[in-house]
Structure formats: structure tokens, C-alpha cells
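The structure under discussion appears below in the form of C-alpha cells.
None of the figures in this text is laboratory data; all of them are computed from the coordinates on show. Note that the coordinates shown come from a computational prediction; the quantities given were computed from them, not determined experimentally. Positions of Cβ are generated from backbone atoms using ideal geometry, with glycine treated the same way; all protein chains shown enter the neighbour counts.
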Amino acid sequence: MSSEQYEALAPFYRPLAKAREHFEMECSLVCSFLSRLRVGKEAHILDAACGTGDVVDLLHKAGYSNTRGIDGSATMISQASSLTHLSPFSLSICNWSELRNWWNRNGKYDLVFLLGNSIAHAEAPQIPSILKCVHAGLRNGGIFCVDQRNWSMDKEGVLRDSKPERRIPTLRDLTKGRPIQVGGKTFEVHDLCEHMDNIQKVTYRVRELTTLGEEPGWQMWCELSYSVFPLSTMRAWLVEAGFRDVQEWVTAPEEWSYREPWPYAVLVARKAD
Ligand SMILES: C[S@@+](CC[C@H](N)C(=O)[O-])C[C@H]1O[C@@H](n2cnc3c(N)ncnc32)[C@H](O)[C@@H]1O
């Protein structure tokens, strides 16, 4: 997978995240982590898959002014610039394959986030080297927060999600009763989830709702792929990459009424002092 898969989806991403409450959920999750991790306001923080810039914006507003966001998708970064008041310095296009150059040019970080099931967009064999690269970009004692769907292996060796309905081909109306507004127009969004070997493929399709009563056609198709691997594999990769003290923070406060798929399983890993 590459971030190019997001180009067509980018204009719809933030309105959809808002409509499905992912936006608020991710921001709440990050806030709870920051207080639990006791990260100082002067800390150097990187959101390494910042998408439309929600977390970077939230952290700047909360006083964490040394926070930057990178993303491999130019269109997601351009959405982030127009949806937030962040300076161009705070948002950059950078693919994970370029991370080493990023550290060389910009220095190391106290905290790196990779949230929203983003790492699963990389092909599984590439993930260990991405994790090693993140480890190299952290200061000693620095922290990495990465999340993924909570896949686990059953007794027959089959990978299962904690949300079994996503294992079978499912077509869903993501905006049912809550169509989204983009550029002054109203849209509905569907997604179809399929599985092939250890790849989960999600196809999004979008159409404008008109008032004319005629059946609108689908205007946008976008296919995203996610590598499927158990959480224990991610934990092993983190240790192999050099991280110590890998903890599972799947949790969200119980009072949060999360809708599927949140919360993803979150692993918090530390680089040795
Ligand atoms: C599911 S979105 C998550 C965005 C944000 N963290 C959120 O939760 O809303 C995944 C993001 O990862 C980015 N991405 C995927 N592959 C990438 C790569 N190889 N390098 C950099 N960014 C990548 C995509 O462009 C996209 O913005």
C-alpha cells in the first residue's frame, strides 16, 4: 500500500471522520495518553501519519508547540493545511521510506504517534524496517504509540478480528442518516470490506445526494488495503526493532461510547534511556 490510495478519498476524509466520531475519539485518546505519559509541553512530538492534521492541531492548541505532522499523501497534507491554522512548518509530505532523511534534517523526537490503523497500510514484510526507523528517530527514553486492529490467531491458526462482522464481505452505508457535506454538496459514503489472504481490502464509494429525486451515480471509488497480522506479531516486531517496555494500551475510559472500529489496539513502546 502507499499513501497514493488516499488521494481520491482525501476531501471526504475529515467530514467522514467527524460524522463517524472518529475525529473526537482519536483526539480524546491522544489527550488521555499525554496525561498518562506525562509528556511536557516542550516535548518534540511527531504524528507520522497525520492525515488531515487533527492530532497536530489538537496538540498545538493544547500548548505542545513542538509538534509536527507528516504524511505520504500530498492531498491529505493539503487538506490538513486548509482545515487547520497550522503553519506550513508543522505539516510536511513525507513517506515512511524517507524517515531516515527526516530525522537527519529535523532531529530526533520525544514522542512519535502512528495512529488510525495507519501502519497496516504498509505491506507486512516492510513493517519491521519502518519500526526500526522510528526507533532510530526517537531520543533515548522516547515513546512510540502505534495502533492497529485487534487481530488475534484462533486455535485453527485463523486470524480473527474482535469485530467479526468485518471478516466477511460487508457493504455498509457509513453515512446512513448522517450524509456528509463537502464543498457545499451533500454526499453519502459506502464501504465494502473483503479479505484476501492476509490483506483486508476496503473499497469506499461516494455519491452526491441531489434534491432532484433521480438515482445518483457513484462518483468516487477508492480502494485501501490493510495488512492483517496479530497484535503479538506487532509486539515482537517492536522488540526486534529495539524497543523496551512494550505495553498494550487497548483501553479507552469505559464511559466512552465507542462505535466500531474504535478503540484500535494501541501499543506503547519505549526506547531505552
Ligand atoms: C487511516 S489514515 C489515518 C490518519 C490519521 N492518523 C487519523 O487517524 O485520522 C492513514 C494515513 O496514513 C498515510 N500513509 C499511508 N501509507 C503511508 C506511507 N507509506 N508513508 C506515509 N504516510 C502513509 C495515509 O496517507 C493516511 O493519511
Q. Which one of THR52, ALA265, LEU238 is farthest out on the positive end of the charge dipole of the chain, using unit charges on Cβ (Lys, Arg +1; Asp, Glu -1) and the Cα centre as origin?
A. LEU238
**Q.** Those lysines that a straight Cα-Cα span of less than 27 Å connects to LYS41, excepting residues fewer than 8 apart in one chain
**A.** LYS18, LYS61, LYS108, LYS132, LYS271
Q: Show the residues, 5+ positions off or on another chain, whose built amide H is closer than 5 Å to the amide H of LEU138.
A: TYR109
**Q.** ³J(HN,Hα) computed for each position of the stretch 232-240 - Karplus, 6.51 cos²θ - 1.76 cosθ + 1.60, integer Hz, glycine/proline x
**A.** 5, 5, 4, 4, 5, 4, 5, 5, 4
Q) Non-local amide H neighbours of TRP249 (under 5 Å, H modeled in plane, Pro and chain starts lacking H): which ones? A) VAL266, LEU267, VAL268
Q: With everything on Cα atoms, drop me the angle between helix 74-83 and the longest principal axis of the chain, reported from 0 to 90° to the nearest 10.
A: 80
Q: Quick one: dipole size for the chain, taken about the Cα centre, charges +1 on Lys/Arg Cβ and -1 on Asp/Glu Cβ, in debye to the nearest 20.
A: 680
Q.
Using Cβ contacts closer than 10 Å as the measure, can you line up THR170, THR233, THR203, THR52 from fewest to most?
A. THR170, THR203, THR233, THR52
Q.
Can you compute 3J(HN,Hα) from phi for each residue in the stretch 25-30, using the Karplus curve 6.51 cos²θ - 1.76 cosθ + 1.60 with θ = phi - 60°, rounded to whole Hz and x for Gly and Pro?
A. 5, 5, 5, 5, 4, 5
Q | Cβ-based exposure ranking for LYS271, LYS176, in which fewest neighbours within 10 Å come first | A | LYS176, LYS271
Q) Ranked by Cβ crowding within 10 angstrom, fewest neighbours first, how are SER28, SER90, SER65 ordered? A) SER65, SER28, SER90
Q. Which residues make up the longest stretch of the chain clear of GluC sites (Glu not before Pro) that lie in a DSSP loop with no more than 16 other Cβ atoms within 10 Å, not counting the sites?
A. 43-122
(Q) I'd like the FRET efficiency for ARG100 and LYS41, computed as 1/(1 + (r/R0)^6) with the beta carbon distance as r and R0 of 22 Å, rounded to 0.05. (A) 0.20
Q | For the chain, alpha-carbon Rg and Dmax in angstrom | A | 18.5, 64
Q. Which ³J(HN,Hα) values, rounded to whole Hz and listed in residue order, are derived for the stretch 123-136 from phi using the Karplus coefficients 6.51, -1.76 and 1.60 in 6.51 cos²θ - 1.76 cosθ + 1.60 with θ = phi - 60°, glycine and proline given as x?
A. 5, 3, x, 8, 5, x, 6, 5, 5, 4, 5, 4, 4, 5
